[in-house]
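Nothing in this text is a laboratory measurement; each read-out follows from the coordinates by a stated rule. Computed from a prediction, not measured in an experiment: that's the story for all the values here. Here Cβ is always computed from backbone atoms with ideal geometry, including for glycine, and neighbour counts include all displayed protein chains.
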Amino acid sequence: MLRRWWLGGAPARRRPEAPTDGRRDPIGPAGERVAARRLRRQGYRVIARNVRAKSGEVDLVCLAPDKRTIVFVEVKTRRVGADGLLRRPESNVGARKQEKLRRLAREIARKRGWTDRPLRIDVVAVEWPARGRPVVRHTERAVRG
């Protein structure tokens with residue numbers, strides 16, 4: 001049971017507010033497009049983008065080059081400033097996010113009837129410099145289980 005602050009529990013964590021001017025940072029969707037393009041070049045077929053389920057959203061759902069494995073892809077995109085990155089984008093996929101991705105993958109696979117296929121969760125990191133091309137790293141089986 002969730003304890004409310006007025007019952008003596010910790011206050012509920014709030015999500016940061018979205019910008020009120022209606023604009024969003026385009027770096028996330030741009031990173032997803034770059035990731036999809038890279039995966040297609042590697043022989044993957046992008047089945048769906050931004051698939052929503054009860055427990056969240058998966059950035060990309062792909063069919064692996066083996067034409068059997070369903071791959072759920074989490075894309076992490078970060079800008080690289082003049083001082084460089086302190087942490088790689090993929091380091092933001094911690095234990096909590098991994099559990100959420102496992103839950104999402106099971107939920108979407110069940111909903112789409114993919115229970116007889118092998119499933120995998122990958123992470124694609126996109127580092128976007130101020131000038132030049134983005135650096136893309138694809139980690140297969142980044143989330144186990």
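Separation between the Arg52 and Thr69 pseudo-spin-labels, each 7 Å from Cα along Cα→Cβ, expressed in nm?
3.0
Which whole-number percentage describes the relative contact order of the range 25-143, with Cα contacts under 8 Å and a sequence gap of 6 or more?
Relative contact order of the range 25-143: 26 percent.
Zone of Arg117 (label point 7 Å along Cα→Cβ, backbone N under 11 Å): which residues in the range 39-72?
From the range 39-72, the list is 45-48, 61-72.
Mind listing which trypsin sites (Lys or Arg not before Pro) in the range 96-145 are in a DSSP loop and have 12 or fewer other Cβ atoms within 10 Å?
Those satisfying the criteria are Arg131, Arg144.
Which of the trypsin sites (Lys or Arg not before Pro) across the range 27-76 are loop residues per DSSP, with 13 or fewer other Cβ within 10 Å?
Lys54, Lys67, Arg68
About the Cα centre of the range 25-143, how large is the charge dipole given +1 on each Lys and Arg Cβ and -1 on each Asp and Glu Cβ? Please answer in debye to the nearest 20.
Charge dipole, the range 25-143, about its Cα centre: 280 debye, nearest 20.
Mind checking which lysines have their C-alpha under 19 Å from Lys76, skipping anything on the same chain fewer than 8 residues away?
Lys97, Lys100
Among residues other than Arg141 whose Cβ falls under 10 Å from its Cβ, what is the net charge (Lys/Arg +1, Asp/Glu -1)?
0
Going toward the positive end of the dipole of the range 25-143, with +1 on Lys and Arg Cβ and -1 on Asp and Glu Cβ, which of Thr139, Asn50, Ala109 do you reach last?
Ala109
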